[in-house]
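The values are calculated or read from the model by the stated rules, or taken from the named source; none is laboratory data. Just so you know, these numbers come straight off a predicted model, no measurement behind them. Counting neighbours? That spans all protein chains shown, and the Cβs are built from the backbone with ideal geometry, glycine included. When the accessible area is computed, the model is the full protein with side chains, heavy atoms only, and any ligands, DNA or RNA have been set aside. Shrake-Rupley method; radii C 1.70, N 1.55, O 1.52, S 1.80 Å.
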Amino acid sequence: MTAALSRADASFVHFQRLKAGPGRSTGYRMTDAETLADLHRDGLIVHSNRRYEAEYATDAPELDRLTSQGRVPVVHVGQVEALTALAAYPANWTRVLLWCPEHVTAERSAARGDSDSDARLRAWTETYADLEAHRSVLWSLIVRTDRTPPDEAAALIRQAVRDKAPDRFAPNDLLQEVA
């Protein structure tokens, strides 16, 4: 989805989160636990979380760098807590919930040859539970990625960002549909 956004509009750029720990390095700015601890201490981490035996962090200096260049950082997060933390960063955020049923997540993971498919399915389950627990959280846009081709979804996201779409959609119907 982020690749489709970047192809459609070069101002959209994948925000590469900091990562300390094992696993994939592609798409991350790899660092170590000590560096993350220093950034936490200095108040430069907007949000961090642990998953797949690693720590992932969204840092203010990189957000500052991208936004000062007129770029639109696309931040991938999987927890409602992260949305709350990001809202504290001074930017005009557009909340987009990208979603697909669990079986589609499993099929996509298998097709990619992921060695950690079980962990990815646990993450799906945890994210679903998080959305269930926070049904009142509103989104600017909700996209079912199993029903919407990437280029079409990218166009919808670009429009939501361009129009500064308010957060008005709750995930209620979505959750009932994929339960």
Search the structure for amide H atoms under 5 Å from the amide H of His47, placed 1.01 Å from N in the peptide plane, and list their residues when 5 or more places away or on another chain. Thr58
List the longest stretch of the chain that has no exposed loop site; here a site is one of the trypsin sites (Lys or Arg not before Pro) assigned by DSSP to anything other than H, G, I, E or B, with at most 16 other Cβ within 10 Å. 72-134
Determine the shape class of the stretch 109-179: with a ≥ b ≥ c the square roots of the Cα gyration tensor eigenvalues, call it rounded for a/c under 1.5, and otherwise prolate if a/b is greater than b/c, oblate otherwise. oblate
Keeping all protein chains in the complex and leaving out DNA, RNA and ligands, what accessible area do you get for His40 with a 1.4 Å probe, in Å² to the nearest 10? 80 Å²
Compute the signed sum of charges (Lys and Arg +1, Asp and Glu -1) over the other residues within less than 10 Å, Cβ to Cβ, of Tyr56. +3
Whether the stretch 120-160 is rounded, prolate or oblate, judged on the alpha carbon gyration tensor where a/c under 1.5 counts as rounded: oblate
With the 8 Å Cα cutoff and a minimum separation of six or more residues, the chain has a relative contact order in percent of 23 percent
SASA check, Asp38, accessible area w/ 1.4 Å probe, all protein chains in place, rounded to nearest 10 Å², comes out at 70 Å²
Which shape class applies to the chain: rounded if a/c is under 1.5, otherwise prolate when a/b exceeds b/c and oblate if not, where a ≥ b ≥ c are the square roots of the Cα gyration tensor eigenvalues? rounded
Can you list the residues, at least 5 places off or on another chain, whose amide H is less than 5 Å from the amide H of Val72, using H built in the peptide plane? Phe12, Val13
What net charge is computed for the residues neighbouring Ala154, neighbours being all others with C-beta under 14 Å from the C-beta of Ala154, Lys and Arg scored +1, Asp and Glu -1? 0
What fraction of the DSSP beta bridges in the chain is antiparallel, stated in percent and rounded to the nearest 5? 55 percent
